[in-house]
Amino acid sequence: MSRITQRTNGARRNRVKGRTTATVGSVNSITHLDSSSDLHAEHQELSKRLHSEARAQVTVPMSVPEPAKFPSLGKGILFNGEGAPIDSESHLQLLGQLNRDRGHYIATETRKNGASYQRKLPTVGIRQLAVTYFPVHSMTLARLDKSGIAVRDVVMDHTRRLGLEFGRLTGYETVAMQIHPNEGNLHQHICYATVDAENRLINPLGGRGRRGLRFLGPSCIGTLRLVEHGLWPESDAGLARNFLAGSVRGGMEPVDWVLARYLDGLAERSLLEMSHFNPAVKDIWEGVMKEYASYATARREARPDLMAKRIDALTGENEALRAELAALRDSKCNQPTLPQLGIMGLPLLGIDTLSDSKKLKGRRSDSFPNIPL
């Protein structure tokens, strides 16, 4: 298999897996971040098809929550690093120029004689991270937007705050942001530079070109969110919490997990504030929470691993019942036979009454002949 084929298949597997981090090193990767572009629509259709094929192979088919559509957000919103909205052309020019400017870094190396020198090394200096809303928040904001309660300003504020919080947590430079409203859950992308304006690595931890960030991944984050919102039992979080504990470095949890919880807090606060001014917000929010709780429970019950456990449990119960029934039959067979009772309620001795009485009569006739009186 050629290297190109391997990369192509890898990209498809990553789409199905649901990666939330990637490099931004080409025109296509920049265009993909623009949710109003034709290329993004093409990738979106491909992703839907691949996800559908994966679900058909590994899980039971079932309906999904309503797709979130946001009239006030249109096809999405693009921002520069300062949080100002920009158009598609400006977005492409911004990230394209940053790729060229930050596409290398200056490394200080040492010769054998001990003299140091600087060397120019290539790298992908622009990367991106996606942060999704918790589905309850995404669905609630979508219904509010459809009902005429615009959420554009709220979501834009969340996006700007995410960009600032990412910079504070990591020390990297946030260079652009994007809002994607029409791909399942509402989410934001944060584009950041790992090389500064002087072409020095911002976080040169552990050696040449190291990015210095750790990520937990969307699967573990999704599980932990469901558990922490009380929709799944704590027993389901064991593996995810182990991964989380193993990803902590220097007391710092994975940045995607920290930002996901941060976004949860922003959404909760915004919905509470909106509920104070409009009681309809609270009603819509509570309705979505009940619906999603039912959906999440159904999804959990349909998981192949849990279905297999239930089958094993039922099989064990059936085997136990069969064994109990067999033991009961054996105990009946081994019980002593009770004697038959006569008319007076006394046990019969097993004597053939009729034949014995005839024999007795015959013996009497022989022993005592008839003597006329």
* Structure fact -> Here FRET efficiency (C-beta to C-beta, Asp153 to Asp101, R₀ 25 Å, nearest 0.05) is 0.15
* Structure fact -> A chain fully extended from Glu198 to Ala245 at 0.36 nm per residue, minus the present Cα-Cα distance, gains in nm 13.4 nm
* To do: Please sort 131-137, 90-96 by packing, taking for each peptide the average over its residues of neighbouring beta carbons within 10 angstrom, highest first.
  => 131-137, 90-96
* **Stretch gain in nm, segment Lys69-Arg168, where the contour uses 0.36 nm per residue and the Cα spacing is subtracted** => 32.5 nm
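From the P(r) of segment 55-200, can you give the percent of Cα pairs sitting at distances over 18 Å? Don't skip to the end; give the middle numbers.
Working: 6835 of 10585 pairs.
The calculated P(r) of segment 55-200 puts 65 percent of pairs beyond 18 Å.
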* Spin-label pair Ser219/Ser26, simplified geometry with 7 Å Cα→Cβ offset, distance in nm -> 2.6 nm
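Just so you know, all these numbers are worked out from the coordinates, no wet-lab data involved. Remember, predicted model here, so these are calculated numbers, not experimental data. Ideal geometry is used to build each Cβ from the backbone, glycine not excepted, and the neighbour counts take in all protein chains shown.
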